[in-house]
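A short write-up of the structure that comes next.
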Amino acid sequence: MRVLAVETSCDETSASVVEMRGDRFNVLSLVVRSQVIHEEFGGIVPELAARAHVEVIYDVVKRALDDSGVPLEGVDLVAATKGPGLAASLIVGVQFAKTVALTLNRPFVGVNHLIGHIYSAYLSDPELRPPFLTLIVSGGHTELVWVEDWYSFRLLGHTLDDAAGEAFDKGGRTLGLGYPAGPKIDRLARKGKRDFHAFPKPRIKRKGYYFSFSGLKTALLHYVRAKGEEFVRENLPHIAASYQEAIVQHLYDVVSRAYGELNPPKLAVVGGVALNSRLRELFKERFGARVLFSRPEYCTDNAAMIGAAALKKYAIYGEDGQGVGVYPSLGVVEP
Ligand code: KG4
Ligand code: ZN
């Protein structure tokens, strides 16, 4: 069974052809076109994102099909991300994919973007099977999910305010680093001292596995204002390293509590922030061989993970058909 999948939930236009044999996925092609337009605005401008998707989607899908070597008739299923994400961006991908499905007379499946991120773990380790614990850390989400079965999920906790990626991006703006700041902070931090400044640990009253990053972002802002521009410029790698350490330690604190209580056979870490080198180092040190990080090409938004999720969803639930819309605030446990 082969799927042509499209992902346009945020600022990446992506298409992929994925094959499933038994419980194994084979990515036959993956094309990702990132939008650079948002850099000059310091964040994503939804209208510009949607327009940029419209401009490139045909080329991206055509390239994915060409690269896969699969003829159009060889596509058995068509899929697209239906949410969560930016409404106008989601519409571009869903409309395009539904039209392809209609033209080819193939079933269509709408995929939850967060479930897509979870499927990046299967693409990264072909031996992985449910159940396992997964941490989704991206620009828009920080969620701790128990994967009960292939398409059955239990949300254990989530951020109460900003996502981990947002903490990187907003903190980076305070430090004058531009968008997206996660990779820049990561790079700078390698030359800095993690214990240069101790940012306050987030205090969370709610019981469960919850995260909070907005206090950290504010603490950085106050720190930068109090110390002044020159101090910040001179100590930028140290400040970046200390700030990154606070984010990563908080993720670790919450996840390790869940890990201790649930004793999962595997812990998968997925999403854009899973690229962070300090996060990888700390989690590998503490969780050893049981931690699995998404492969770098599957960490940030991509259509291969959407394709893999679509194949399983179709196998279990059948098709969604042409009636699927877009669902900008879809939750992680909703198929
Ligand atoms: O998964 P993703 O591509 O998009 C969403 O679904 O949100 O994640 C993008 C996020 C951005 O916030 C970016 O700053 C962050 O991932 N990111 C990183 C690193 N690489 C990307 N954060 C920390 N360290 C990195 N190396
Ligand atoms: Zn994402």
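The values are calculated or read from the model by the stated rules, or taken from the named source; none is laboratory data. Just so you know, these numbers come straight off a predicted model, no measurement behind them. Counting neighbours? That spans all protein chains shown, and the Cβs are built from the backbone with ideal geometry, glycine included.
Table for the structure above
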{"item": "VAL326 being surrounded by 18 or more Cβ atoms within 10 Å (Cβ to Cβ), among the β-branched types (Val, Ile, Thr) and more than 30 Å from PHE108 (Cβ to Cβ)", "result": "no"}
{"item": "Extreme residue, nearest to the chain's Cα centre (by Cα), among residues of the range 213-255 that are surrounded by fewer than 19 Cβ atoms within 10 Å (Cβ to Cβ) and not in a helix (DSSP H, G or I)", "result": "ASN235"}
{"item": "Tally, over the range 166-189, of residues that are part of a loop (DSSP other than H, G, I, E, B), under 23 Å from the mean Cα position of the chain (by Cα) and surrounded by fewer than 18 Cβ atoms within 10 Å (Cβ to Cβ)", "result": "1"}
{"item": "Test: residue in the range 197-209 that is surrounded by fewer than 21 Cβ atoms within 10 Å (Cβ to Cβ), outside any loop (DSSP other than H, G, I, E, B) and either under 24 Å from the mean Cα position of the chain (by Cα) or not hydrophobic (A, V, I, L, M, F, W, C) (or both)", "result": "no"}
{"item": "Residue count, the range 156-165 (criterion: in a strand (DSSP E or B) and more than 16 Å from ligand 2 (Cβ to nearest atom))", "result": "2"}
{"item": "Any hit, the range 189-208, residues being within 30 Å of GLN95 (Cα to Cα) and either within 11 Å of ligand 1 (Cβ to nearest atom) or modelled with pLDDT under 95 (or both)", "result": "no"}
{"item": "Enumeration of residues in the range 281-323 that are part of a helix (DSSP H, G or I) and either farther than 18 Å from TYR122 by Cα or of a type in the set (Val, Ile, Thr) (or both)", "result": "GLU281, LEU282, PHE283, LYS284, GLU285, ARG286, PHE287, GLY288, ILE306, ILE316, TYR317"}
{"item": "Count of the range 70-86 residues which are surrounded by 24 or more Cβ atoms within 10 Å (Cβ to Cβ) and aliphatic (A, V, I, L, M)", "result": "4"}
{"item": "Number of positions in the range 114-149 that are not polar (S, T, N, Q) and not in a loop (DSSP other than H, G, I, E, B)", "result": "21"}
{"item": "Matching residues in the range 265-320 - criterion: being on the phi > 0 side of the Ramachandran plot and away from ligand 1 (no atom under 13 Å from the Cβ)", "result": "GLY288, GLY318"}
{"item": "Those residues of the range 93-113 which are under 12 Å from GLU7 (Cα atoms), assigned to a helix (DSSP H, G or I) and touching a residue at least 40 places away in the same chain (Cβ under 8 Å), in sequence order", "result": "GLY93, VAL94, PHE96, ALA97, HIS113"}
